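What follows is calculated from the coordinates using simple rules that are stated; it is not laboratory data. Nothing here was measured: the structure is a model prediction, and the numbers come from that model. Don't worry about glycine lacking a Cβ; one is built from the backbone with ideal geometry, like all the others, and counts go over all protein chains shown.
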Amino acid sequence: MKDKIQEKLILLGITPNLKGFYYACEAIVLIIKNPAIQHKITTGIYGSLALKNNVAPATVERCIRHAISKVDKDKKEKLCGTSCPKNSEFLSVFAMKIQKEEI
C-alpha cells in the first residue's frame with residue numbers, strides 16, 4: 001500500500017526529496033487504517049507522526065503543507081475540487097481515492 005501511495009504522490013508532483021512526502025505518505029496510511037482519525041488530523045495524525053519522528057506537530061503540518069504546495073493547481077482541483085485544499089482535505093480525499101483506486 002505504501003509503495004502505491006508513494007508512486008501516486010510522485011505522479012502528482014510531490015517528490016521524495018521533501019520531508020512532507022514521507023509525512024504525507026504516513027498520514028495517508030494512518031487514515032486508511034483508521035478512517036476515524038481523519039477527523040483529528042491536528043491532534044491525531046500530526047501528533048503521532050511528530051512523536052515517531054521526534055519533531056513538533058507544527059513541523060509535520062508545515063512539511064505536508066509545503067509538499068502539497070508543489071502539486072500543480074489543476075491536479076489539486078481535479079483531486080480535491082479546489083486548487084487550495086487544506087492539508088486535511090487533501091490527505092482525506094487522497095486516502096479515499098487511493099482506496100477506490102481512482103487515482
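Using the Cα centre of the chain as the reference point, and only Cβ charges (+1 on K/R, -1 on D/E), how large is the resulting charge dipole? Debye, rounded to the nearest 20.
Rounded to the nearest 20 debye, it is 140 debye.
What is the range 1-65 by shape, rounded, prolate or oblate, if you read a ≥ b ≥ c off the alpha carbon gyration tensor as root eigenvalues and call it rounded for a/c under 1.5, prolate for a/b larger than b/c, and oblate otherwise?
oblate
With the crude spin-label approximation of a point 7 Å out along Cα→Cβ, what separation in nm comes out for K75 versus N53?
Using points 7 Å along Cα→Cβ, the separation is 1.9 nm.
Using 0.36 nm per residue, how much length does the chain from S83 to L11 gain when fully extended, once their Cα-Cα distance is taken away?
Between S83 and L11, full extension yields 24.2 nm more.
Would you mind checking K2/K52; K40/K70; K19/K40; K4/K100; K73/K100; K8/K78 for any pair whose Cα atoms are more than 19 angstrom apart?
Pairs exceeding the cut-off: K40/K70; K19/K40; K73/K100.
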